[in-house]
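Working notes, beginning with the structure itself.
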Amino acid sequence: MKNAVSKFFCFSSPRHDSDPSGRDAQDVAGTKTPSKSKSNHSPSGLTHKKPSNGASLRKSNQINNHNSKIIDLFSSCIKGSESKTERAENIFQKNRLLSLERRNKARADALSGSFDTALDTRKIVEKKSIEQIASESGVSTDELEKHFQDGLDDFFEKTKNSNWRSYGEYAPLVENLYNIFLHSQDEQAPSWVKKARSFDSFVAHFCPQASKKSQSDLISQIEYFCRQSLPPMLQRTSRWGADNDNIQPIYNGPRNWLKLPQALVTREVIEEARELINNGYWEKDDLFVHGTGSAAIDNFAKNQAIWSASLALSKGDKVATGEFASYISSHDGETSVSGGNSGLGNVYTSEEGLSSQSYTMQRWFDELPVTFGISKTKQKEYNVHNNVERSYRNPGNEGITVGPIVPLENVVAISAPKTDEARVRSWIETHCPHAQFISYEAATLLDSKTLLGLLPH
């Protein structure tokens, strides 16, 4: 049956490759074993204002267009039914559309009111000066580079041949490294400080002999720091507490929070969620999602596709993210546990929706996690056309294999942190203009069945 639902409401662990017949099989590089997924005065509350005449007309047009979509979709569900199976599927799709309509109306109503505000009571800090970093480290500014080198050498020695990982012990080192990164943007900064502008230049200067595993362990420390000290524009109160109090230093605050029953969120996220409800967004059921990082997307643009690690390596591309770069054997520090030296032969996905950051990677402070939302219908049609057979099952929660190639034309939405919206939109406009941007924060809110407590269970 032709898919009756394409874009309607525009709103996901290690892995086994599948063979061309669709049966689950071992990758040529080795057997995949399971691993962990990667989870002032405030303004007045947002109030739903009565729209102007022009806004009313635009809203009316939106509703009329939206209703036309429903009618067209229902018509497509009824026309051309030739079997009991197809008719049953059409009825299922029609009922699903009705259910989504009701759910979307409830979402719109819940987000149309005003919200209480909350002061940001977290420990907000400013960028440290080079002199302050040196003083806190107990060295002179001339000795600071060596101090960093000694700290990094100690870290890499501890992580070289073990699975040891402690986020607390090296938190001061990584925090100071973040501040050095901030100073690296200054043209007047010392030459060694400028080496911190990117992950690759930092590694080349400070740790050129570091193994892939040691680099992966450093990346994990950087990701932890970013989660704690550069948090997103939506904070679950179950994590931070009702008063959004947090002992970790926060470098991207303060925020003007709005209170939801289960979270604190910024005005920008609420406004984005409202716009998505009005204009349509992609539901989980319609998507495969693939988590990656901004270090990978230049290759995606060059190839106009997401390639499996195996295919990318065979074509001479560097694989900077994914399990090939992060899930490394402690035996030799270089070999991917899941993909060996040749990489996994499939692009792995899930059905966790655009709020998922599983398998994303942020190697450096100016990089970001990115999730690609892939149309199930388009990717399956592409695979049929290219004689690629996959089961699209997810045994053992290791991921859904969708073949070695996902053309960017099959990508319909891309999610990333709200703070990086401008950067990601610029990339989308240049390389994947048909895709929709959705922030992780708005997706988290809309993926919640209760809108984080705004709706009843």
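The values are calculated or read from the model by the stated rules, or taken from the named source; none is laboratory data. What you see is a predicted model, and the numbers here were worked out from it, not measured in a lab. Note that each Cβ is placed from the backbone with ideal geometry, even for glycine, and that neighbours are counted across all protein chains shown. Accessible surface is based on the protein model in full, side chains and every heavy atom, while ligands, DNA and RNA are left aside. Shrake-Rupley method; radii C 1.70, N 1.55, O 1.52, S 1.80 Å.
With open to solvent by 50 Å² or more (accessible area, probe 1.4 Å), part of a loop (DSSP other than H, G, I, E, B) and of a type outside the set (Asp, Glu) as the only criterion, which of 396, 353, 316, 333 stands out?
Every option except 316 fails the conditions.
In the range 293-313, is there at least one residue being modelled with pLDDT of 95 or more, part of a loop (DSSP other than H, G, I, E, B), in contact with a helix residue (DSSP H, G or I) (Cβ under 9 Å, 6 or more places away or on another chain) and crowded, with 23+ Cβ neighbours inside 10 Å?
Checking the range 293-313: not a single residue is modelled with pLDDT of 95 or more, part of a loop (DSSP other than H, G, I, E, B), in contact with a helix residue (DSSP H, G or I) (Cβ under 9 Å, 6 or more places away or on another chain) and crowded, with 23+ Cβ neighbours inside 10 Å.
Condition first: among the hydroxyl-bearing types (Ser, Thr, Tyr), open to solvent by less than 50 Å² (accessible area, probe 1.4 Å) and under 30 Å from residue 452 (Cα atoms). Now tell me which residues in the range 213-228 satisfy that.
220
Just wondering, is there one or more residues in the range 339-347 that are under 30 Å from residue 100 (Cβ atoms) and crowded, with 18+ Cβ neighbours inside 10 Å?
The answer is yes, given that some residue of the range 339-347 is under 30 Å from residue 100 (Cβ atoms) and crowded, with 18+ Cβ neighbours inside 10 Å.
Looking at (1) over 26 Å from the mean Cα position of the chain (by Cα); (2) at pLDDT below 90, which one does residue 168 not meet, given that it meets all the others?
(1) is the only condition that residue 168 fails.
Among the residues of the range 249-259, is any open to solvent by 40 Å² or more (accessible area, probe 1.4 Å) and part of a strand (DSSP E or B)?
Within the range 249-259, one or more residues are open to solvent by 40 Å² or more (accessible area, probe 1.4 Å) and part of a strand (DSSP E or B).
Which numbered condition trips up residue 285, out of (1) at pLDDT 95 or above; (2) surrounded by fewer than 19 Cβ atoms within 10 Å (Cβ to Cβ); (3) not aliphatic (A, V, I, L, M)?
The failed condition is (1).
Go through (1) open to solvent by 30 Å² or more (accessible area, probe 1.4 Å); (2) part of a loop (DSSP other than H, G, I, E, B) one by one and return the number of the condition residue 231 breaks.
(1)
Restricting to the range 195-212, what's the tally of residues that are in a loop (DSSP other than H, G, I, E, B) and open to solvent by 40 Å² or more (accessible area, probe 1.4 Å)?
The qualifying residues number 3.
Of the residues that make up the range 431-441, is at least one part of a helix (DSSP H, G or I) and over 30 Å from residue 265 (Cα atoms)?
yes
May I ask you to verify whether residue 123 is of a type in the set (D, E, K, R), under 22 Å from residue 251 (Cα atoms) and open to solvent by 30 Å² or more (accessible area, probe 1.4 Å)?
Judged against the criteria, residue 123 is a match.
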